[in-house]
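J.: Please read through the structure below; I'll follow up with questions.
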Amino acid sequence: MQRDQQPRSDAAAPPILEVRNLVVAFHGLAGTLRALDDVSFSIAPGEILGVVGESGAGKSLTGAAVIGLLERPGRIDGGEILLAGRRIDNLPHAQMRKVRGREIGAIFQDPLTSLNPLLTVGEQLTETIATHLALSAKAARARAVELLAEVGIPAPANRIDDYPHHFSGGMRQRVVIALALCANPKLVIADEPTTALDVSVQAQILELIRRLGREHGTAVMLITHDMGVIAETADRVAVMYAGRVAEIGPTREIIETPHHPYTVGLMGSVPVIGEDAEDLVQIDGSMPRLNAIPPGCAFNPRCGEVMGRCLSQRPGLMPAGRSQAACWLMDTVTGDAA
Amino acid sequence: MSEDILAPVLEVDNLHKWFDVSKPPLQRLIERLPRQTLKAVDGVSFRIERGTTFALVGESGCGKSTVAQAVAGLHKPTRGAILFEGIDRDLPRPDGSRPELQMIFQDPFASLNPRWRVRDIIAEPLRVHRLTRSRAETRAAVAELLEQVRLSPADGEKYPHEFSGGQRQRISIARALANKPKFLVCDEPTSALDVSVQAQILNLMKRLQRELGLTYLLISHNLAVIYHMADELGVMYLGRLVETGPAREIFNRPRHPYTQLLLDTIPDISLDRPHRTFLKGEVPSPIAPPPGCTFHPRCPHANDRCRTEPPRLESFGGVKVACHAVGEGRIVPAVREWRPAARRTPVRRVSPVARPA
C-alpha cells in the first residue's frame, strides 16, 4: 500500500483553487482581530493539499472562507480566492450558494451533525442532486444509488431509504462524502474528516479521499491535526501558525527535512513507532491568542533561533529546499542569516 | 513491608463488567423482547509492576475505558477482582487507608469545575482527605503541586477558562497528584490536545514517573503514544484481551492477526511502510458479538474452529495471545521493521530546553 511519491497532478495545469494574500478579520467592540493574515496557496487538479496546525491556527477558518461560510463578525478583509480562475470571494450570496455544492463539496468532522436526522439518506442525496443538476426525480435517484455504491456502501439500492441513524459512524461519513460528490465538484474541502472515526474506518475513508483525486481529478483541501493522516494522504502540506502559513511544500520534504523552526518542533513532537527517545521534542509555551500576536514573526517568543529582525520584521514565504518557509533563517538575499 | 514491594501494584483478575441494556420491562413484555446484556469487559486479567506503565489499546467499544473506570473504582465489577497492592480495592483495609490511586481524564475542559479557582480545585483532595492541617500548609502544598507540573503558583488564583487545553491537563495532573498517589489511571490523557501540547504532557508524565516512582495504567487509541510510553501492552477487542506482553515485543513481532492489522492500519509519519494490509470492516456491536473468536468475521485466517470456539490466552515466548491460528501454528509472528529514521535529519532543531514562556 505504498503511495506513489510523484505528485499525481500535472504541475503545469492551472490550479483549481488559488488563494492570494487572504486576510480574514473579526470586527468587534474590542477592536479588530486578524484571524488569517496574508494566506496564499494553490491546489492543482487531482492534488491533495494537507493543511495542518494547532487548534486556533486558522485551518478551519481558511476552509470556511473558501466555501463562503464565514460566520459573523468574521469577514474577508483582503486578498482573493479563485476557483478555476474565477473570483469567488466577492460573489453575491445567491451565486455563492450555487458554487457551493456544485463546484465545491464539503466534508466535516462529525457525520451525524452533517446529515438531517429526519430525512432518509436518499431524500438528502436526491434533493442535493436536483438542486445542482437538471435531472428527473427518477434519474436523480439512480444517481444517488450510484454515488452510494461509489463510496462503498454495500447494497446501496436497499440502504437508500434508510435514515442516518441506521448507519454506523463510518458508513455515515461515506454518506456525507457521497453528498459532497453529488455534482462532481472540482474542489472538496475535508475538515477533519476522520477525527471522529476508528482507525480501521479512518483508513477506508482516507483511501476514498485519495481515489477522488486519482479518478476524478478533484482537488482536495484536507484539514487535519493528525500528522499521520497527512503523511499517508497529502501530496503537499501547508503548515499554519497563528493565522499565517509558516511553511508549505511536498509532504515528504515537510516531514523529513522541515525548514521552519516551528515545523521542526512540530514534527519532533510527534511520537513515532520504532523511535526510542526518552523525551519528545517539546516546543514550550503555546500559540499566541489572536489579540496578542507579537510583531515580526508570530513564532518569535517560542523560537530557539530568534534573531533581531524576527522581533520587528514579518518574514514572507521564501524558498527553502523544495518547500517555502516564512522564516528569516531562509533569507539568502539580504544575507543576514548564515 | 517486604511483601508490599514484591506484590504488583495492581492485579486485575478475570474482570467482567456487564451492563443491562434491555428495554423497559413493560415494553419488553408487550413487544416480547428478551433481556439484553452488553458485555463491555468479558474476562480480562493483567498485572502491573511498580514504576511501570501498562497500556490498553483498541478501537472504540473494545472496553478499554470500562477497565480503566473499574480500576479507578467508578464501576463495580460484575465478576472478578481488582487487587491493589494485594488487597481487594473495594474491601476496607485494616489500617483504614484507601488505595493510593487517582485518575486523569481525557477532556480537560469537562473535568475541571469552571466556577472554582485553580487553587481550590487542587486543594479539594487535600481537604477531603484531611491531608493538611492549616490554610498555610494547604497553600504551600498547592504551590508545590503547581510547580511540579510546571505552572506558576500565581496561576492558582485564576479560573480554568483562563488556561489552554494543555495547561488545563497540567491542572488535572496536579489535582491527581495532591494526595500523593502511587498509581495513576490515565484515560486518553492527550487525545484532546494538539501534538505539540501532547509532547509537553507526555514528557511531564514520564518525568513524574521517574521522580515520584508512579505506576500508570494508560488507555489510548494512539499506538505511537503507547510505543513511546508503555512497558507492557494489552490489545483489546470486544471486551477481551487478544494479545498482551512487553510492548516492544508486540510492536516488533505482533502475533495476533488483529494486532498485526491494527499496526498496519494506523497512520504514521514513517513514509516507508511497504506490504501493508488494512483492517477491513468495522467493529461488530458488543451487544451481539459474533460466536467463537469475536474477531473471526474480519480475520483473514479464520476457520470453522474460530467460528465456534472462543480462544483462550496462551503464552508464546513471553507474550500471551488468544488465537487458534497462532496456537495451531497456522500463522507466524509478523516481523515489523519500523523505520522512523527518515525524518531524523532536520535542518535545524528547536531546543528542547525549557525556556520561560
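J.: Run the 1.4 Å probe and let me know the accessible area of A:Arg252, rounded to the nearest 10 Å².
T.: The value for A:Arg252 is about 70 Å².
J.: On C-alpha positions alone, give me the angle between the axis of helix B:118-128 and the longest principal axis of chain B, in degrees, nearest 10.
T.: Tilt of helix B:118-128: around 80 degrees.
J.: Still on this structure, please answer the following. Identify which of B:Lys23, B:Lys320, B:Lys76 has the largest mean-square fluctuation in a Gaussian network model of chain B, with springs joining Cα atoms closer than 10 Å.
T.: In this elastic network of chain B, the residue with the biggest mean-square fluctuation among B:Lys23, B:Lys320, B:Lys76 is B:Lys23.
J.: Sticking with this one: Which FRET efficiency value, to the nearest 0.05, is calculated for B:Ser285 and B:Arg93 with the Förster distance at 60 angstrom and r the Cβ-Cβ distance?
T.: Details: r = 40 Å, r/R0 = 0.67.
With a Förster radius of 60 Å, E is 0.90.
J.: Quick check: residue separation of B:Arg248 and B:His301 times 0.36 nm, minus the Cα distance between them. What number comes out in nm?
T.: Values: separation 53, 0.36 × 53 = 19.08 nm, distance 2.43 nm.
Full extension of this stretch gives 16.7 nm more.
J.: Separate question: Quick check on my link table: of B:Lys206/B:Lys280; B:Lys76/B:Lys320; B:Lys64/B:Lys280, which ones sit more than 31 Å apart, alpha carbon to alpha carbon? Walk me through the numbers before you get to the answer.
T.: On the way: B:Lys206/B:Lys280 35 Å; B:Lys76/B:Lys320 26 Å; B:Lys64/B:Lys280 21 Å.
From B:Lys206/B:Lys280; B:Lys76/B:Lys320; B:Lys64/B:Lys280, over 31 Å: B:Lys206/B:Lys280.
J.: Using θ = phi - 60° and the Karplus relation 6.51 cos²θ - 1.76 cosθ + 1.60, list the HN-Hα couplings for segment A:23-32 in order, rounded to whole Hz, with x at every Gly or Pro.
T.: Listing the rounded values in order: 10, 10, 10, 10, 9, x, 5, 7, x, 9 Hz.
J.: Show which lysines lie in cross-link reach of A:Lys98 when reach means a straight Cα distance below 19 angstrom and same-chain residues fewer than eight apart are skipped.
T.: A:Lys186
J.: Using 1/(1 + (r/R0)^6) with R0 = 35 angstrom and r between the beta carbons of B:Ile30 and A:Asn158, what's the FRET efficiency to the nearest 0.05?
T.: Working: r = 29 Å, r/R0 = 0.82.
The calculated FRET efficiency here is 0.75.
J.: Okay, moving on. At most 12 other C-beta atoms within 10 Å and a DSSP loop state: those are the exposed GluC sites (Glu not before Pro) I care about. Give me the longest piece of chain A that has none. Intermediate results must be reported in sequence, preceding the final value.
T.: Working: sites that count: A:Glu71, A:Glu278.
It runs A:72-277.
J.: Have a look at segment B:242-280 and report residues whose accessible surface goes down by 40 Å² or more when the remaining protein chains are included, against the chain on its own, probe 1.4 Å, ligands and DNA/RNA excluded.
T.: B:Thr265, B:Pro267, B:Asp268, B:Ile269, B:Leu271, B:Arg276, B:Phe278
J.: Next up: Compute the acute angle (0 to 90°) between the alpha-carbon long axis of helix A:137-150 and the principal axis of greatest extent of the alpha-carbon atoms of chain A; round to the nearest 10°.
T.: So the helix axis and the longest Cα principal axis differ by about 50 degrees.
J.: Let me have the 222 nm mean residue ellipticity of the protein assembly as shown computed from DSSP H runs of 4+ only, each contributing -39500 (n - 2.57), with the sum over all residues rounded to the nearest 500.
T.: Details: 22 runs with 208 residues, N = 695.
Rounded to the nearest 500, it is -8500 deg cm²/dmol.
J.: Could you tell me the center-to-center distance, by alpha carbons, between segment A:43-95 and segment A:120-198 in angstrom?
T.: If we compute the Cα centre of each part, the gap is 24 Å.
J.: Let me ask something else about it. With every protein chain left in place, what is the accessible area of A:Ser55 in Å² (1.4 Å probe, nearest 10)?
T.: Its heavy atoms expose roughly 80 Å² to the probe.
J.: A further question on this structure: List the chymotrypsin sites (Phe, Trp or Tyr not before Pro) in segment B:101-192 that DSSP assigns to loop (not H, G, I, E or B) and whose Cβ has at most 14 other Cβ atoms within 10 Å. Which are they? Provide the component values of the computation, followed by the final result.
T.: Details: sites: B:Phe105, B:Phe109, B:Trp116, B:Phe163, B:Phe183; in loops: B:Phe105, B:Phe109, B:Trp116, B:Phe163.
Listed in order of number, the matching sites are B:Phe109, B:Trp116.
J.: Further question: Give the residue list of GluC sites (Glu not before Pro) in segment B:24-83 that are DSSP loop and have at most 15 other beta-carbon atoms within 10 angstrom. Write down the numbers at each step before the final one.
T.: Details: sites: B:Glu31, B:Glu49, B:Glu59; in loops: B:Glu49, B:Glu59.
The qualifying sites are B:Glu49.
J.: Using only alpha carbons, build the gyration tensor for the protein assembly as shown and give me the equivalent ellipsoid semi-axes, biggest first, whole Å. Intermediate values should be presented prior to the final figure.
T.: Numbers: eigenvalues 339, 246, 126 Å².
Semi-axes from the Cα gyration tensor: 41, 35, 25 Å.
J.: Cut-off under 19 Å on the C-alpha distance; same-chain residues fewer than 8 positions from B:Lys23 excluded. Which lysines are left, in chain and number order?
T.: Those lysines meeting the cut-off are B:Lys39.
J.: Explain nothing, just compute: Karplus ³J(HN,Hα) = 6.51 cos²θ - 1.76 cosθ + 1.60, θ = phi - 60°, for every residue of segment A:33-42 in order, whole Hz, x for Gly and Pro.
T.: 10, 8, 8, 10, 10, 6, 9, 10, 6, 9
J.: Along Cα→Cβ, 7 Å out, is where each label goes; now give me the distance between the ones at B:Arg115 and B:Glu314 in nm to one decimal.
T.: 5.9 nm
J.: Continuing with this model, one more query. Tell me the angle of helix A:93-102 to the major Cα principal axis of chain A, expressed in degrees between 0 and 90 and rounded to the nearest ten.
T.: Long axis of A:93-102 versus the principal axis of chain A: about 80 degrees.
J.: Using Cα springs under 10 Å in a Gaussian network model of chain A, which residue among A:Gly78, A:Gly101, A:Gly308 shows the largest mean-square fluctuation?
T.: Ranking A:Gly78, A:Gly101, A:Gly308 by mean-square fluctuation puts A:Gly308 first.
J.: For peptide B:107-118, compute the average count of partner chain beta-carbon atoms within 10 Å of each residue's beta-carbon. If you can, show how the numbers build up before the last one.
T.: Values: counts 0, 0, 0, 0, 0, 0, 0, 0, 0, 0, 0, 0.
Mean shielding count: 0.
J.: Taking the Cα-to-Cβ direction at A:Ala292 and at A:His166 and moving 7 Å from each Cα, how far apart do the two end points lie in nm?
T.: A separation of 5.2 nm, rounded to one decimal place.
J.: Any chance you could get the radius of gyration and Dmax over the Cα atoms of chain B, in Å?
T.: For chain B, the Cα radius of gyration and maximum Cα-Cα distance read 22.3, 71 Å.
J.: Sticking with this one: By how many nm would the segment from B:Arg207 to B:Asp272 lengthen if fully extended, with 0.36 nm per residue of separation less the alpha-carbon distance?
T.: Values: separation 65, 0.36 × 65 = 23.40 nm, distance 3.17 nm.
Difference between extended and current length: 20.2 nm.
J.: Tell me which residues come under 5 Å, amide H to amide H, from A:Ala246 once H is placed; ignore anything under 5 positions away on its chain.
T.: Long-range HN contacts for A:Ala246: A:Val239, A:Met240, A:Tyr241.
J.: Computed from the mean reciprocal separation of all distinct C-alpha pairs, what Kirkwood hydrodynamic radius does chain A have, in Å? Display every interim value, and only then the final one.
T.: Values: mean 1/r = 0.0473 Å⁻¹.
Computed over chain A, the radius equals 21.1 Å.
The values are calculated or read from the model by the stated rules, or taken from the named source; none is laboratory data. Keep in mind that this is a model prediction, so the values were computed, not measured. Positions of Cβ are generated from backbone atoms using ideal geometry, with glycine treated the same way; all protein chains shown enter the neighbour counts. We work out accessible area using only protein heavy atoms, side chains counted, and drop any ligands, DNA or RNA first. Shrake-Rupley method; radii C 1.70, N 1.55, O 1.52, S 1.80 Å.
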